[in-house]
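Note sheet for the following structure.
The values are calculated or read from the model by the stated rules, or taken from the named source; none is laboratory data. Keep in mind the model is a prediction, meaning the values are calculated, not measured. Note: ideal-geometry Cβ built from the backbone for every residue, glycine included; neighbour counts use all protein chains shown. Only protein heavy atoms, including side chains, enter the accessible area calculation; ligands, DNA and RNA are left aside. Shrake-Rupley method; radii C 1.70, N 1.55, O 1.52, S 1.80 Å.
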Amino acid sequence: MNIKRQLIRLLEISGGLRLSRYLNRSRPIILMYHRVLSDPLLPGINPDVFSRQLEYLKRNFRVISMNQLIDELKSDTVQPYTVVITFDDGHQDFYTNAWPILRQYDLPASIFVATGFIDNQCWLWPDLLRYELMNAKVPSIEVEGIGSLSLSRDDILNTWNSLGDYCLKLAPADRKQFLDSLGDKLGVPRTQHPLPPFNPLGWDQLREMRDQGLDVGSHTVSHPILSALSRTELKEELEASYNRIHQELGSPPDGICYPNGMAEDVSEGVESVARQLYNYGLVAYPDKVSIDRVMHLGRWAASSDFTRFKQIMNSISRNDNHSGEYR
C-alpha cells in the first residue's frame with residue numbers, strides 16, 4: 001500500500017474524508033467516463049471497479065442527470081453533494097457492461113455519441129490507431145520525426161500515446177492519410193467499419209436505453225478537433241449530429257460534448273456556434289461548473305484507481321486530474 005492509499009485510508013477511518021466532502025458539498029462534480037471493460041490494452045474501467053464507484057456514489061452523493069443539473073444551475077438551486085455521470089463516444093460496451101450496472105444502482109447518466117460512429121460509417125481515429133497497432137504484422141515501425149517505435153505487447157500503450165500526440169496535431173485529412181499509410185506499413189488490412197472491441201452502439205439500443213431513462217447528447221459526427229475546423233465545417237459537424245439524433249430518437253439533444261475537449265480544442269467561436277443549437281457544452285478537463293459558463297462546463301475523469309477516485313470525489317488533490325482515460 002503506497003503513501004497515498006495509506007493517507008486516504010487514515011482519512012476515511014478518522015472521518016477526514018467526510019469532513020472534506022462536507023466542506024466541498026456545494027461544488028457539483030461532473031464525472032467523465034468512456035468505456036467499461038476489462039482489457040489491459042484498451043482504455044476504460046473494469047466493470048467491478050465501476051460497480052464499486054457507483055455504490056460509493058449512491059451512498060455518499062446525490063446523483064442527478066445533466067438536464068436536471070442545468071435546470072438547477074439556471075434557478076440557482078443546486079443541492080449539496082451533487083454529481084452527474086457522463087459517458088463519451090458510444091461504444092458497444094456501454095450497453096453490455098455500463099448500463100446494466102447503472103440500472104442496478106438506479107442512477108441516471110448521459111451519453112454523448114458521435115453519430116457517424118453510431119451509423120457505422122467511420123472509426124473514431126484513436127480506436128483505429130489502436131486497432132492498427134494491436135494487429136501489426138511487424139515488431140516495430142519507424143516514424144519520421146518520432147523515431148523507431150516498438151510494437152511489442154508491453155510497449156503498445158506507449159507507442160499509441162506517442163502516435164496519438166502526433167495525430168492530434170494533424171488536420172483531419174492529413175490524419176486520415178497518416179493512419180492509412182500506417183496501416184499499410186504495419187500490414188493491417190483496411191476496414192471501413194469499426195470492428196470489435198471498437199464497435200459502436202446501435203440506434204435501437206440507444207432508443208431502448210433512452211426509454212429507460214438514459215439522456216443522449218451530441219459528440220459531433222466524426223469526432224474532429226472543433227477549433228481546427230472552418231466555420232462551415234464546424235456548423236456541419238454540430239448541425240448534422242443534432243439533426244441525426246433528433247431523427248433517430250424523436251427529440252433533439254440538449255447538450256454537446258466537445259471531442260478531445262481540452263482548452264485549445266474549444267474556442268469562443270466553437271462555443272458561439274454550439275450555443276445556437278445546444279443548451280450546454282462539456283469539456284474534458286476540470287473547470288468551473290456554473291450557469292455563466294454553461295457552454296464550457298468542466299468534468300473530472302473517473303479514475304480506474306479506486307483510491308484516486310475517492311480523492312477526486314472528496315476534493316483531495318483534485319488539481320492533478322486530467323483527461324487520462326481517452327482522447
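Key figures for this structure:
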{"read-out": "Mean accessible surface per residue for the chain, computed with a 1.4 Å probe while every protein chain stays in place, in Å²", "value": "44"}
{"read-out": "The stretch 210-237 residues near the modelled Gln192 label - backbone nitrogen below 18 Å, point 7 Å along Cα→Cβ", "value": "222"}
{"read-out": "Per-pair calculated FRET efficiency, R0 = 41 Å: Glu233 and Thr77 via Cβ, rounded to 0.05", "value": "0.60"}
{"read-out": "With all protein chains modelled, accessible area of Lys185 [1.4 Å, Å²]", "value": "120"}
{"read-out": "Choice from Gly145, Gly187, Gly116 with maximal GNM fluctuation in the chain (Cα, 10 Å cutoff)", "value": "Gly145"}
{"read-out": "Total formal charge among the other residues, if their Cβ is under 13 angstrom from that of Asp71, Lys/Arg +1 and Asp/Glu -1", "value": "-3"}
{"read-out": "Amide H within-cut-off set for Val294, under 5 Å, with H built and near neighbours excluded", "value": "none"}
{"read-out": "Dipole magnitude of the chain, debye to nearest 20 (Cβ charges: Lys/Arg +1, Asp/Glu -1, about Cα centre)", "value": "1240"}
{"read-out": "Accessible surface of Thr77 - all protein chains present, 1.4 Å probe, nearest 10 Å²", "value": "70"}
{"read-out": "Pairwise label distance in nanometres, Lys176 with Asn199, each label 7 Å out on the Cα-Cβ vector", "value": "2.4"}
{"read-out": "Listed residues Ala263, Ala302, Ala109, most fluctuating in the chain (Gaussian network, C-alpha, under 10 Å)", "value": "Ala263"}
{"read-out": "Candidates Gly255, Gly164, Gly90, ranked by Gaussian network fluctuation over the chain, Cα under 10 Å, top entry", "value": "Gly164"}
{"read-out": "When the stretch 7-161 is reduced to its Cα atoms, the Kirkwood hydrodynamic radius in Å", "value": "18.5"}
{"read-out": "Computed [θ] at 222 nm, deg cm²/dmol, the chain (DSSP H ≥ 4; -39,500 (n - 2.57); rounded to nearest 500)", "value": "-12500 deg cm²/dmol"}
{"read-out": "Euclidean distance between Cα centres, the stretch 196-252 to the stretch 46-102, Å", "value": "19"}
{"read-out": "Projected label distance in nm at Arg275 and Asn60, using a 7 Å step from Cα toward the beta-carbon", "value": "3.7"}
{"read-out": "Segment Arg18-Tyr166, extension gain: residue separation times 0.36 nm, minus the distance between their alpha carbons", "value": "49.0 nm"}
{"read-out": "Lysine pairs meeting the criterion (Cα under 27 Å, 8 or more apart or interchain), as found in the chain", "value": "18"}
